[in-house]
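Peer 1: Structure incoming, see below.
The values are calculated or read from the model by the stated rules, or taken from the named source; none is laboratory data. Computed from a predicted model, the values in this text were never measured in an experiment. All Cβ positions, even for glycine, are placed from backbone atoms using ideal geometry, and neighbour counts span all protein chains on display. Quick note on the areas: whole protein, heavy atoms, side chains included, nothing else; ligands and nucleic acids left out. Shrake-Rupley method; radii C 1.70, N 1.55, O 1.52, S 1.80 Å.
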Amino acid sequence: MSGHARRRTASLACLVAGVGLLFAGRFIQFDDFSGFGSERWIFPFGILALILAVAAVVIAWADPRTRLWLGIALAILLTLLVWQHAVNDGFRFIWTSDEGELAQLEVVVALVAVVLMTTAGAALGGGRWLVRAAAYLCGSVALVFVAFLAGLTYYDATVCKGNDGDCLAPLGGMVWGLVAIPVCLVAIVVIELVLWRRTKRR
């Protein structure tokens, strides 16, 4: 077996083992209609699953072809997650106690898959624009998340301070996050124009 084949097998095996541990630890369920997840989590399994996921990426990173394989595998996993999220009301991924953690998992898997596939594509001759695309995507998601947290914190400290009733701070955070999207788009266009002008001058 070649070095590439061994690295690919080890990386995919770590990914499969990590997903298996999430099932074994009851972090992923298909029949939880309560919306709160199981109270019988086996937390050490979750930690091991996280370690294996990181190990899969580390093993794959040195070889572009292995990166591509792992990225494709994560894209397939993401498709299955989104499909179950859409059609199965009992499907849950809960790391601690928040039902929204399934959406967070989907975002993380999507970002890692995109980074792996685009950087692999660039290394295999696809062009540096692929790396920039991955950087733009990750940066935009990070900025939207920071804007959401900033809006949430602001409304908690002002409008919702001392309010005993329902507070719409999460809605305010969502508005701030949505405002960050066009800001990211404008920044991307400006950066691309600057790079294009530099390339044209050369």
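Peer 1: So what is the diffusion coefficient of region 60-102 in µm² per second by Stokes-Einstein at 25 °C and 0.890 mPa s, using a Kirkwood Rh over Cα pairs? Spell out each step's value before the answer.
Peer 2: Numbers: Rh = 12.1 Å.
It comes out at roughly 204 µm²/s.
Peer 1: Let me ask something additional. Restricting to Cα atoms and excluding each atom paired with itself, what does the Kirkwood estimate give for the chain in Å? Write out the running numbers ahead of the final one.
Peer 2: Details: mean 1/r = 0.0514 Å⁻¹.
Evaluated over the chain, this radius sits at 19.4 Å.
Peer 1: Right, next: What list of ³J(HN,Hα) values in whole Hz, one per residue of region 122-132 in order, does the Karplus curve 6.51 cos²θ - 1.76 cosθ + 1.60 (θ = phi - 60°) give from phi, with Gly and Pro shown as x?
Peer 2: So the J values, rounded to whole Hz, are 5, 5, 8, x, x, x, 6, 4, 5, 5, 5.
Peer 1: Report the dimensions of region 38-85 along its three principal axes from the alpha-carbon atoms, largest first, rounded to Å.
Peer 2: 41, 26, 6
Peer 1: Calculate one ³J(HN,Hα) per residue across region 84-93 by plugging θ = phi - 60° into the Karplus curve 6.51 cos²θ - 1.76 cosθ + 1.60, and present them in order as whole Hz with x for glycine and proline.
Peer 2: Per-residue couplings from phi come out as 5, 4, 7, 9, 10, 5, x, 7, 9, 10 Hz.
Peer 1: Only loop residues by DSSP count here, and only those with at most 15 other Cβ atoms within 10 Å; note down the trypsin sites (Lys or Arg not before Pro) in region 81-163 that meet that.
Peer 2: Numbers: sites: Arg92, Arg128, Arg132, Lys161; in loops: Arg128, Lys161.
Sites meeting the loop and neighbour criteria: Arg128, Lys161.
Peer 1: Which cysteines does the chain leave without a neighbouring Cys Cβ under 4.7 Å?
Peer 2: Cys14, Cys138, Cys184
Peer 1: If exposed chymotrypsin sites (Phe, Trp or Tyr not before Pro) are those in a DSSP loop with at most 12 other Cβ within 10 Å, what is the longest stretch of the chain that has none? Mind dumping the intermediate values first?
Peer 2: Numbers: sites that count: Phe30, Phe33, Phe36.
Maximal segment without exposed cleavage sites: 37-202.
Peer 1: Taking 10 °C and 1.306 mPa s as the conditions, I'd like the Stokes-Einstein D for region 87-190 in µm²/s, using the Kirkwood hydrodynamic radius from alpha carbon pairs.
Peer 2: On the way: Rh = 16.1 Å.
In µm²/s, the coefficient is 99.
Peer 1: How much of the accessible area of region 120-202, probe 1.4 Å, is carbon plus sulfur, in whole percent? Could you put the intermediate results ahead of the total?
Peer 2: Details: 4260 of 6050 Å².
In region 120-202, the share of accessible area belonging to carbon and sulfur is 70 percent.
Peer 1: How much accessible area per residue does region 163-202 have, in Å², with a 1.4 Å probe?
Peer 2: Working: 3380 Å² over 40 residues.
In whole numbers, region 163-202 has 84 Å² accessible per residue.
Peer 1: Sticking with this one: Give me a comma-separated list of calculated 3J(HN,Hα) values for region 172-183, in order, Karplus coefficients 6.51, -1.76, 1.60 applied at θ = phi - 60°, integers in Hz, x for any Gly or Pro.
Peer 2: Residue by residue, region 172-183 yields x, x, 5, 4, 4, x, 5, 5, 5, 5, x, 4 Hz.
Peer 1: What do you reckon, how do Thr199, Thr119 stack up by accessible area (1.4 Å probe), largest on top?
Peer 2: Heavy-atom accessible area, descending, gives Thr199, Thr119.
Peer 1: Could you work out the helix-only [θ] at 222 nm for the chain, with each DSSP H run of four or more residues adding -39,500 (n - 2.57) and the total divided by the number of residues, to the nearest 500 deg cm²/dmol? Please list the in-between numbers first.
Peer 2: Values: 6 runs with 148 residues, N = 202.
Using -39500 (n - 2.57) per qualifying helix, the result is -26000 deg cm²/dmol.
Peer 1: Shifting gears a bit: Could you compute how fast region 50-126 diffuses translationally, taking Rh as the Kirkwood radius over C-alpha pairs and applying Stokes-Einstein at 25 °C with viscosity 0.890 mPa s? Give it in µm² per second. Write out the running numbers ahead of the final one.
Peer 2: Numbers: Rh = 13.3 Å.
It comes out at roughly 184 µm²/s.
Peer 1: Taking N as the number of residues in region 137-202, what value does Rg over Cα atoms divided by 2.2 N^0.38 Å take?
Peer 2: Values: Rg = 17.2 Å, N = 66, 2.2 N^0.38 = 10.8 Å.
Rg over 2.2 N^0.38 Å, computed on Cα atoms: 1.59.
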